[in-house]
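Contents: one structure, followed by commentary.
Here, each number is a calculation from the coordinates, and none is a lab measurement. All figures in this text were calculated on a predicted structure; none of them were measured in a lab. Positions of Cβ are generated from backbone atoms using ideal geometry, with glycine treated the same way; all protein chains shown enter the neighbour counts.
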Amino acid sequence: MILRRWSSRIRTAERDAYAAYIEETGGADYGSTPGNLGFQMLFRDLGDGTSEVTTLSWWRSLDDIRGFAGEDITVARYYPEDDRYLLDRPETVEHHEVVRNSLPF
C-alpha cells in the first residue's frame, strides 16, 4: 500500500468551504480512480488566521496513483478553484510505502 501526502495552507475562516470543495473535486476523483483505498483530509490551526491542510490518500500501488496523477506522480494535482483558497501551491507531493498497517484496509 502507498500513502500519497499533500499539504498547503488556507485561511482558517474558509475551512468549511474548502473542505466541501475538496470533497467535490479531489475526493470525488480519488473515489472514482481504480486502486484508491480512501482518503483523509486534516486541518491544523496555525494560530495566525491560517490553517495547514493535508490530504492523505491511500493506494494499492504506484501504478494506481498514475491513474489519478498522471505519469509523473510526484507532481501535485490542482483544480480550477484552488487559487481561490490556497495560500501556497506546492509543486510536489510525497509518497510513502506502508510497511505496517493496523487500519481496516
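What's the longest bit of the chain with no exposed GluC sites (Glu not before Pro), using DSSP loop states and at most 15 other Cβ atoms within 10 Å as the test? In short, 1-70. Starting from one equal scatterer on each C-alpha and no solvent at all, send me the Debye-based log10 I(q)/I(0) for the chain at q = 0.17, 0.22, 0.25 Å⁻¹, two decimals. So the normalised log intensities work out to -0.79, -1.23, -1.46.
Could you pull out which residues in segment 57-86 have an amide N less than 15 Å from a spot 7 Å beyond the Cα of Asn101, following the Cα-Cβ vector? So the set is 57-65.
Using the Cβ of Asp88 as centre and a radius below 13 Å, the other residues enclosed give a net charge of -1, where K and R count +1 and D and E count -1. Of the chymotrypsin sites (Phe, Trp or Tyr not before Pro) found in segment 1-96, no site is in coil according to DSSP while having at most 12 other Cβ atoms within 10 Å of its Cβ. The distance linking segment 77-95 with segment 14-72 is 11 Å (Cα centroid to Cα centroid, whole angstrom).
Only helices enter the 222 nm calculation for the chain: every DSSP H run of n ≥ 4 contributes -39,500 (n - 2.57), and dividing by all residues gives -5500 deg cm²/dmol, rounded to 500.
Taking a Cβ cut-off of under 13 Å around Val53, the surrounding Lys, Arg, Asp and Glu residues balance to a net charge of -1, with basic ones at +1 and acidic ones at -1. A simple count of charges around Phe43, restricted to other residues whose Cβ falls under 15 Å of its Cβ and scoring Lys, Arg +1 and Asp, Glu -1, yields -2.
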